[in-house]
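Bear in mind these aren't lab numbers, they're just calculated from the coordinates by the rules spelled out. Owing to the predicted nature of the structure, the values given are computational and were not obtained by experimental measurement. FYI the Cβ positions are ideal-geometry reconstructions off the backbone, even for glycines, and counts take in every protein chain you see.
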Amino acid sequence: MLQHTTTLYLSTVFIWGSTFFAIRLQLGEVPTEVSVAYRFALATLILMVWCWLRKLPMRFGFRQHLWMLAQGLTLFGLNYLVVYWATSDLTSGLIAVVFSTIVLMNIANGALCFGKRATISVLAGALTGLVGICLVFLPEFSSLEVDGTTLRGVLLSLLGTFIASLGNMVSTRNQRAKLPVVQTNAYGMAYGSAALGVIALIQGAPFIYEPTLAYSGSLLYLALFGSVLAFGSFLTLLGRIGADKAAYAMVLFPVVALGISTLFEGYQWSLEAGFGVAMVLVGNILVIMSPEHFKRLYIIFRPASAP
């Protein structure tokens, strides 16, 4: 069980860490809202075919579909739309910093919605990781010009993050109600894609397609890996270890994105960034380790008693 949980966690971190580079390949002729709608429409198709091949039950009641709709709007629709709007005001690095606050939001929302209190180790790990992420992106903070546009970008990023946190709560509720993750994601992504399509139509965005290898390849990667596999892993993890611990993946995957940026985009590391990554990793250990693990470590490393 522990090994499977670790696999889910690492899969989420490394896949979502790589999607930053794939998203850059999506920027071009196709409007953002339309690209995201394409992404989740393709993900829906993949999941529906998978459900059909595996003969998974697909009939659910009206009330269950309402909860699937809520998950789709908050995890596969409105949150993405608002965060993408913020990209016109802030750099992706600063948005990643703001989005990492979902750890604290999940802790607060988990307490409000389910009465779950976070342990001291989870709180300490979350705060350590957030400070580390801020250090990693310190150069962007130092060059930031605070004005109305910046404030709007920060507020939009916080709103998108909060919507995603609500989506985590909805997913937790759905799993507790025994709604299967795969089928719920299939319907949820369908609802999210449809909502984004309607918003694009209202805005008058053209439904065009860029027939290039870069756009098509990145779209397929984002749909299959970034949506189907990563969300499946993350939401399964969320139901297993809780929203507070699972959300720490949101702090860790920007570090993976920086590693990919180093290889393909010439990112230059600084002393602050290196120290920040170390803090993120320490925070990761604090969040994942249970109180029993800390007790075992204390027993192993406690100083020998005086004779």
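Data overview
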read-out	value
Cleavage-rule hits, chymotrypsin sites (Phe, Trp or Tyr not before Pro), region 180-245, DSSP coil, Cβ neighbours within 10 Å at most 16	207, 209
Positive-end residue, the chain charge dipole about Cα centroid, Cβ charges, pick of 278, 8, 200	8
Computed lengthening from residue 150 to residue 27, 0.36 nm per intervening residue step minus Cα-Cα distance	42.2 nm
DSSP-assigned coil residues among trypsin sites (Lys or Arg not before Pro) in region 170-201, each with at most 14 further Cβ atoms within 10 Å	178
Debye, to nearest 20: dipole size of region 2-299, +1 on Lys, Arg Cβ, -1 on Asp, Glu Cβ	1560
Helix-only [θ]222 nm of the chain, DSSP H runs n ≥ 4, -39500 (n - 2.57) each, per residue, nearest 500	-24500 deg cm²/dmol
Cβ-Cβ FRET estimate between residue 213 and residue 281, R0 fixed at 30 Å, reported to 0.05	0.25
Span-rule helices in the chain, defined as complete DSSP H runs reaching 30 Å or more along the axis (Cα) with Kyte mean at least 1.0	32-53, 181-203
Integer Hz, Karplus 6.51/-1.76/1.60 couplings in order for region 222-227, x for Gly and Pro	5, 6, 6, 8, x, 10
Linear extension gain, residue 66 paired with residue 117, 0.36 nm per residue minus alpha-carbon span	15.6 nm
FRET efficiency, residue 54 to residue 4 (Cβ-Cβ, R0 25 Å, nearest 0.05)	0.85
